[in-house]
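Following: one structure in structure tokens, then a few remarks.
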């Protein structure tokens, strides 16, 4: 699971909480349980601690997607958010999620926003310059708008093509008739 893939998933926790809260709780509990099993620590979660951790994640990180939780846990296992000293608990997991949310995720969102702004600025048209260019072209064309001239040229090309096609068809028909007469 990569960060862009995790963030690109369709539904965030708040949506899933509205639509199917039991399934969401089961998914988050499963992720927490798998995380606890993968850490070979002396103290693991009890059922009550597991439910408390799950509900805390759902309540505090409603804007994340379950796939982002999975990504965060993967990064936590790799030590990205600091070492785990023989104890995995709710505060540790919530600290990881906080570091992910305010670090990697925020950076990724800002990068997307920056790319969007850059793209948006490239597509902007300078209205004043466009107006002046059109005004100059109209003066050169006797007051006729450029689009009207382009449209007329396009129609003339289409008519010329149709005439050429018709002329070719007539030539072809005459040629085959002459061939039949021989």
Flag for residue 3 being touching a helix residue (DSSP H, G or I) at 6+ places or on another chain (Cβ under 9 Å) and more than 17 Å from residue 98 (Cβ to Cβ): no
Residue under evaluation residue 9, criteria (1) outside any helix (DSSP H, G or I); (2) over 27 Å from residue 109 (Cα atoms), criterion not met: (2)
Residues located in the stretch 12-25, provided they are without any contact (Cβ under 8 Å) to a residue 24 or more places away in the chain and part of a loop (DSSP other than H, G, I, E, B): 20
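Residue check: is residue 165 within 32 Å of the chain's Cα centre (by Cα) and either farther than 30 Å from residue 55 by Cβ or at pLDDT below 70 (or both)? Steps first, answer last, please.
Numbers: within 32 Å of the chain's Cα centre (by Cα): no; either farther than 30 Å from residue 55 by Cβ or at pLDDT below 70 (or both): yes.
In short, no.
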Hits in the stretch 74-91 (condition: touching a helix residue (DSSP H, G or I) at 6+ places or on another chain (Cβ under 6 Å) and over 15 Å from residue 34 (Cβ atoms)): 81, 90
Residue count for the stretch 26-56, restricted to those that are surrounded by 13 or more Cβ atoms within 10 Å (Cβ to Cβ) and in contact (Cβ under 8 Å) with a residue 40 or more places away in the chain: 11
Leading residue by the ranking (farthest from residue 59 (Cα to Cα)) among those in the stretch 78-97 that are loosely packed, with under 15 Cβ neighbours inside 10 Å and touching a residue at least 40 places away in the same chain (Cβ under 8 Å): 86
Of all residues making up the stretch 81-101, the number that are closer than 19 Å to residue 7 by Cβ and modelled with pLDDT of 95 or more: 6
Residue 48 vs. criteria part of a helix (DSSP H, G or I) and touching a helix residue (DSSP H, G or I) at 6+ places or on another chain (Cβ under 7 Å): no
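The values are calculated or read from the model by the stated rules, or taken from the named source; none is laboratory data. Since this is a predicted model, take the numbers as computed values, not measurements. Every residue, glycine among them, receives a Cβ derived from its backbone with ideal geometry; neighbour counts consider all protein chains shown.
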